[in-house]
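The values are calculated or read from the model by the stated rules, or taken from the named source; none is laboratory data. Predicted model, so just to flag it, every value in this text is computed and none were measured. We place every Cβ from the backbone using ideal geometry, glycine too, and count neighbours over all the protein chains shown. With ligands, DNA and RNA removed, areas are computed over all heavy atoms of the protein, side chains included. Shrake-Rupley method; radii C 1.70, N 1.55, O 1.52, S 1.80 Å.
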Amino acid sequence: MTDEITQRPAAGQRDMGQLQNTAAEQPAYQQQVQFQGASGRACPKCGTVNEPEARYCASCGTLLAVGTCPNCGSELDPDADFCEACHHYVRPDVCSFCGTHFNENDPYCPECGSPRGGIVCPNCHTLNDFSFCKQCGQPLTDEARQMMQQLKQRPDYMELVMVAREYNELQMQLPYTTDSEVKNDEASVQLRQRVLKLLAEDQGLPEPEIPKPRQQHLTKEQLEEKKQQKLDVLARLLDQMATPPMPSPAKVRNYAMAQKPMGVRLGWMCNYKHALHSSPCGCAKPQLGGKWVILGHNSKVKDDL
């Protein structure tokens with residue numbers, strides 16, 4: 001009995017010995033992990049150790065460095081200048097109107113002269129951090145107004161505005177609903193032609209050319225078909241005028257807002273998260289580019305206001 005106890009080590013001693021042996025077998029692995037952790041940046045999602053200066057994981061693409069919004073504390077991409085959670089501009093060292101770097105204590109931008117606290121729209125009285133009013137689209141700075149003037153000279157923009165106006169006119173038009181409305185409209189057209197012909201004859205024009213009415217009444221099906229044709233053309237033009245990536249978020253916002261046509265319900269599809277915003281003013285990283293898209297009746301956009 002005594003010999004058996006002497007030869008068999010206690011349970012605690014066996015466990016300690018096994019741990020010592022395991023530790024002795026793995027010093028190289030532990031040293032390698034410690035070295036990688038000290039010299040690289042581990043991905044919080046997949047654990048891959050990346051280069052120290054890496055911003056995104058090489059394996060899964062997860063953002064490695066995340067900042068926080070100084071206003072609400074939400075997580076922010078380091079390149080973001082706008083918080084989509086609380087809808088506040090977060091770069092005190094960059095002018096939100098023109099993108100110029102300036103001192104955090106300067107009340108006005110030394111380049112464009114815009115105030116740090118924002119500009120109140122003279123049209124709808126909304127306070128804005130950017131060069132175009134996020135509520136009504138009014139240009140608020142000299143650069144914004146100049147950009148709109150430059151766009152008016154471009155053929156694609158002129159076509160865009162024309163098609164948008166024609167679509168808006170179709171939206172305001174009421175279709176025929178009964179046969180009596182069709183007959184009444186035909187009678188009105190005939191009366192108009194007769195009056196114009198008599199007036200022309202009084203002026204000495206025996207065979208006057210009577211212009212056709214600008215707005216022609218259509219059935220509901222015909223009206224919907226015409227509106228869809230205009231929407232198809234608008235969608236093609238908006239794709240052609242998509243905003244490419246640019247270094248300055250302010251320049252992208254200004255360019256995109258300047259080209260937005262009136263009279264059509266649009267949303268801004270950003271390249272950052274492929275999310276729909278009411279405008280690029282509500283995107284955290286518009287510098288990645290994006291485009292205006294036509295919204296359907298049930299389309300929802302982020303609340304950027």
Does K291 meet the test of being part of a strand (DSSP E or B), open to solvent by 60 Å² or more (accessible area, probe 1.4 Å) and under 24 Å from V163 (Cα atoms)?
-> yes
In region 88-126, what count of residues is obtained for those that are part of a strand (DSSP E or B), open to solvent by 70 Å² or more (accessible area, probe 1.4 Å) and closer than 18 Å to P247 by Cα?
-> 1
So which residues in region 242-288 are in a helix (DSSP H, G or I) and open to solvent by 50 Å² or more (accessible area, probe 1.4 Å)?
-> K251, L288
Identify the residue in region 129-155 that is modelled with pLDDT under 95 and open to solvent by less than 40 Å² (accessible area, probe 1.4 Å) and, among all such residues, is nearest to A80 (Cα to Cα).
-> C133
Under 6 Å by Cβ, and 6 or more places apart or on different chains, what pairs join a residue from region 65-87 that is open to solvent by less than 30 Å² (accessible area, probe 1.4 Å) and outside any strand (DSSP E or B) with one that is modelled with pLDDT of 90 or more and charged (D, E, K, R)?
-> A80/K285; D81/R91
Can you tell me which of A250, A275 is at pLDDT 95 or above and of a type in the set (A, V, I, L, M)?
-> A250
Open to solvent by 90 Å² or more (accessible area, probe 1.4 Å) and either modelled with pLDDT of 75 or more or in a strand (DSSP E or B) (or both), is that true of E186?
-> no
Identify, by number, the condition in (1) surrounded by 13 or more Cβ atoms within 10 Å (Cβ to Cβ); (2) over 18 Å from F130 (Cβ atoms); (3) within 23 Å of the chain's Cα centre (by Cα) that C57 doesn't meet.
-> (3)
Restricting attention to region 39-67, the residues that are among the β-branched types (V, I, T) and at pLDDT below 75 number exactly 2
